[in-house]
Amino acid sequence: MIRRTLLLLASLETTIGLLFYLTILVIAGTLLQSAKGLDFAQETVFHSWFLPWPIPLPGMILTGVFLAVNLLLALFIRLSLRSRHTGVIMIHTGLLLMLGGGFIARYSVQESFITLAAGETTDRSGLDSKSSRPSQLLPFSVKLLRFQVHHYPGSQMAREYESLVEITSAKGKTQALIRMNRPLRVQGYTLYQNSYGHNQTGKTVSTLSLVKNPGRVFFYLASFLLVLGIVVHFLIVFGKKRSPAEAA
Amino acid sequence: MIRTRYRQLLISLLLLSSATLMPAAPRNWLKEFGLLPILDEGRIKPLDSFARQTLQQISGKSHLGDESALQWLARLLFSPETTRDDRMFRLRTDDLVASLVLPQRPDRTFTFNEIAVHFSELQKLAMTASEREGGRTTPGDADAIRIFSGFLAIHRLSASLHWSRPDSALAVTDPNLRVRLGLSKGTPPPSYFDLRHAFSHLGGEIERIRILPPASRSPADQAFLSLGRILMETTEMNRSSPLVVLPGGSVQRTKGVWLSTWDAAVTAALADPVLHEDLVLWRDIRIAIEGQNPTEAASILTRFRKSSLSRMTAIGGRTQALTLEVLYNRANLFFWAMILYGLAMAAVLLHPVTGRSWLYISSTALIGCGFLLHSGGLLLRFLITRRPPVTNMYETFLFVGWIGILIAMAIEWTQKNNLGWISGSFSGLLFLLISRRYAMGGDTMGQLAAVLNTHLWLTVHVLTITIGYAACVVGGIIGHVYLIQRKTGRMPDQTLRETGRTLYATLAFGLLFTTLGTLMGGIWADLSWGRFWGWDPKENGALVIILWLAILFHARLAGRIGTAGMAAGAVISIITVVLAWFGVNLLGVGLHSYGFISEVNKALFIFLFLEILFLVLAMRKVKGKT
């Protein structure tokens with residue numbers, strides 16, 4: 001009985017069913033997002049265990065857990081350690097790591113914002129960009145020295161925004177330039193240029209996002225394994241004369 | 001139509017050869033004019049491109065009757081009154097025609113004068129349209145905004161050389177004042193340029209008169225004040241004139257700053273000799289063209305172009321890009337590639353019917369030539385913009401179409417059974433056809449939004465993901481071919497097996513690159529924003545493609561579907577690609593693209609309907625067969 005259950009859980013059919021369900025969730029979440037905004041879609045679909053409907057259908061997190069179980073069992077039960085499965089095993093291990101990283105990220109990512117005018121210093125960040133909600137203490141303080149927007153010549157289109165900041169922590173003071181696509185990493189935090197605007201007194205302010213994601217390493221490891229696995233698998237498959245379609 | 005295109009091709013080939021073989025050949029003035037640099041929408045481009053884009057935005061075409069966009073622009077600048085009755089504005093909706101009480105015309109084209117009569121109404125419509133929320137706009141709204149801003153742009157452009165024209169509103173009748181301004185008697189009324197120059201020496205005059213009590217001002221003083229007021233108003237009216245063709249002057253405030261001719265005329269007080277010289281040249285060009293003196297015009301234009309190019313080089317501009325861009329505009333390479341792919345498709349479809357081998361050879365040759373032109377176009381774009389050829393929707397079509405041909409070549413190379421040429425010619429034709437619709441949006445080489453302005457990761461991520469898209473589309477086309485071959489029931493099993501094998505390999509390739517591209521996108525996002533994944537619609541779209549292909553491969557592995565199921569799945573994978581590509585863009589419906597978006601929407605629904613119909617018809621016999 002247990003053996004049959006395990007086989008069922010590890011089966012390709014379960015995989016197919018879960019992938020199907022995941023596809024529907026992604027599509028539904030995307031549609032929901034365009035109608036009600038990203039926060040709502042994340043709360044109800046992308047970051048939820050159950051969908052908030054009378055029938056307790058699994059949300060993205062629970063589906064991810066199922067998929068992880070299916071993958072794990074498949075790795076042990078179906079994908080025996082044969083050389084022709086090397087690539088496939090790597091791909092699936094990569095996917096497991098990816099799911100794990102996603103799970104960690106879901107519960108540990110902290111995203112917060114700081115909004116500063118030139119010359120201002122802070123060691124707290126707010127939970128939204130208007131910093132009206134409760135703030136959290138940072139292990140360092142950030143001073144905005146200068147903020148600049150560069151436009152394409154003769155147009156109002158921004159080519160680049162940059163904030164020159166001074167970071168003061170226990171280790172001392174450092175200066176850094178934060179630009180679009182060039183974030184600053186300090187003690188596990190990623191500081192990137194989010195937007196800019198004007199405060200009540202009309203001064204230009206720069207908004208920086210702070211993200212702390214302890215699951216980062218999983219993603220890089222997972223990506224690496226996935227890419228490597230794909231390459232290995234293709235080498236194995238196309239190294240043989242017979243095509244996979246016939247082999248299957 | 002085709003004949004003018006043919007002439008264009010010849011011209012471009014001649015241009016190419018004359019550029020390489022006879023550099024000193026005399027040019028006509030229009031050619032010189034088209035090569036002049038202009039700063040428009042944050043980019044330096046030749047006037048030839050500026051003319052095409054401006055005309056395209058208001059009329060949807062790059063020609064006005066028999067006249068090229070450049071000839072039209074020349075008339076608009078040098079003799080604007082001749083353009084007032086050209087039907088240059090093409091409205092897209094009957095709603096707008098009705099709201100503006102314009103006459104009913106099948107092509108909905110109207111002249112400047114016709115629109116001008118209803119300008120205040122148009123302004124009102126455009127204002128209410130731009131205040132409306134994104135979701136509740138109608139195609140008429142977007143049309144009103146487009147025509148309104150287009151009308152203003154044309155109005156501004158046609159006034160862009162007014163500073164050089166004698167203006168009766170500026171006529172000085174007071175003899176004392178005439179002496180003071182250094183104007184001789186009996187000459188035509190002065191132009192803004194003449195007066196502004198004279199005024200710049202009389203800066204203290206206005207102050208002197210202002211502090212006098214009105215009663216003690218002489219008639220000359222009064223005339224001076226009112227003239228000053230007119231000049232001031234004209235100055236205000238012509239701020240932000242669009243003809244930004246002067247690459248900076250020689251004094252500190254004008255050095256390295258692109259200026260319009262009006263900017264230069266206004267700042268005459270700065271006594272910048274270089275800008276003064278520029279204005280004199282532009283005035284003389286106008287006079288030469290109005291006086292039907294093309295040789296004179298050509299020689300002045302050459303002088304101005306030399307001076308402007310050397311200044312442009314000094315501030316880091318790439319002048320060769322201008323010549324290349326004019327060549328690119330004239331050669332119209334993607335159009336020719338499209339024609340060749342179309343012919344190749346005809347040959348490739350006739351080949352199995354007639355069994356003539358010359359058809360196979362000619363389809364190979366046609367695709368090869370089309371691919372060369374296609375590659376040449378992409379290469380020119382790269383040389384002009386100096387960035388990877390995938391930074392906007394238009395470019396993704398060109399690039400995905402190109403990759404599709406490459407994949408098709410690989411298939412044909414290994415299989416030699418027409419399959420590669422069928423899918424290649426079809427996808428090439430399709431993508432280039434679609435791209436033409438997107439070229440209507442204006443400048444296809446426009447600058448990037450700040451967030452996209454990183455080269456390495458943009459390149460790696462977008463290139464891989466578009467390769468994945470291309471493979472999925474080619475795989476989907478092979479899926480169609482498989483289902484049709486199977487449906488006819490007369491194909492030998494060997495052929496079906498070959499098609500099935502190619503299908504499998506192409507989809508695998510697609511899964512590989514879509515996955516790689518998505519991973520690269522995640523890494524880009526993490527490096528830029530500290531997160532891999534944000535459930536952005538574009539990301540989700542790519543994820544759906546990956547999930548769908550993964551489902552197919554697992555279902556095939558489990559024996560749940562056969563090759564026919566795989567083929568049907570490939571057809572659906574085209575749908576996922578199309579939805580990820582367009583559907584996602586449609587979700588965030590923007591006001592300014594509404595008119596166009598609704599057209600895309602309609603096309604999408606028709607496409608979905610046809611594909612589903614195809615699947616139903618193709619799969620109907622499955623049960624009886626297996």
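Per residue of B:541-552, other chain Cβ atoms within 10 Å of the residue Cβ number 4 on average. Counting every other Cβ atom within 10 Å of each residue's Cβ, B:THR466, A:THR174, B:THR354 order from fewest to most as B:THR354, A:THR174, B:THR466.
Any idea what the relative contact order of the stretch B:108-206 is, in percent, if you count C-alpha pairs under 8 Å spaced at least 6 apart? It rounds to 21 percent for the stretch B:108-206. In plain terms, the chain from B:ARG620 to B:LEU372 could stretch by 85.2 nm, reckoned as 0.36 nm per residue minus the Cα-Cα distance.
Comparing A:GLY29, A:GLY197, A:GLY215 in a Gaussian network model of chain A (Cα springs below 10 Å), the most mobile by mean-square fluctuation is A:GLY197. In order along the stretch B:537-547, phi translates into HN-Hα couplings of x, 5, 5, 4, x, 5, 4, 5, 4, 4, 4 Hz, rounded to whole numbers, per the Karplus curve 6.51 cos²θ - 1.76 cosθ + 1.60 with θ = phi - 60° and x for Gly and Pro. Within the stretch B:353-450, the trypsin sites (Lys or Arg not before Pro) that combine a DSSP coil assignment with at most 10 other C-beta atoms in a 10 angstrom radius are B:ARG386. In a reduced charge model with +1 at each Lys and Arg Cβ and -1 at each Asp and Glu Cβ, the protein assembly as shown shows a dipole moment near 2560 debye about its Cα centre.
Think of the stretch A:14-173 as having a plus end and a minus end, set by charges on the Cβ of Lys, Arg, Asp and Glu; of A:LEU99, A:ALA28, A:THR168, A:LEU99 sits farthest toward the positive end of this dipole. Taking the longest Cα principal axis of chain B as reference, the axis of helix B:563-578 is set at about 10 degrees. What does the charge count around B:ILE361 come to, taking other residues whose C-beta lies under 15 Å from its C-beta (Lys +1, Arg +1, Asp -1, Glu -1)? Taking every other residue near B:ILE361 into account, the sum is +1. When a/c is below 1.5 the answer is rounded, else prolate if a/b is larger than b/c, else oblate, so apply that to the stretch B:199-353 with a ≥ b ≥ c taken from the square roots of the Cα gyration tensor eigenvalues. Note, shape of the stretch B:199-353 comes out prolate. Residue order for B:SER158, B:SER427, A:SER135, fewest other beta carbons within 10 angstrom first, comes to A:SER135, B:SER158, B:SER427.
Computed over neighbours whose Cβ is under 12 Å from that of A:THR15, the net charge equals +1, Lys and Arg +1, Asp and Glu -1. Taking trypsin sites (Lys or Arg not before Pro) across the stretch B:73-130, the ones in a DSSP loop with at most 15 further Cβ atoms lying within 10 angstrom of their Cβ are B:ARG84. Electrostatic tally near B:ASN392: other residues with Cβ closer than 14 Å to its Cβ, Lys and Arg +1, Asp and Glu -1, net +2. Across the stretch B:431-440, rounded Karplus estimates of 3J(HN,Hα) from the backbone phi angles (6.51 cos²θ - 1.76 cosθ + 1.60, θ = phi - 60°) give 5, 5, 4, 5, 4, 4, 5, 6, 5, 5 Hz, Gly and Pro being marked x. Computed 3J(HN,Hα) for the stretch B:161-174, one whole-Hz value per residue from the Karplus formula 6.51 cos²θ - 1.76 cosθ + 1.60 where θ = phi - 60°, is 10, 4, 4, 9, 9, x, 10, 5, 5, 9, 4, 9, 9, 5, glycine and proline marked x.
Looking at the stretch B:78-153, the GluC sites (Glu not before Pro) that sit in a DSSP loop and have at most 11 other Cβ atoms within 10 Å of their own Cβ are B:GLU133.
The numbers here are math on the coordinates, done by the rules we state, and not lab data. None of these values were measured; they are calculated from a predicted model. Note that each Cβ is placed from the backbone with ideal geometry, even for glycine, and that neighbours are counted across all protein chains shown.
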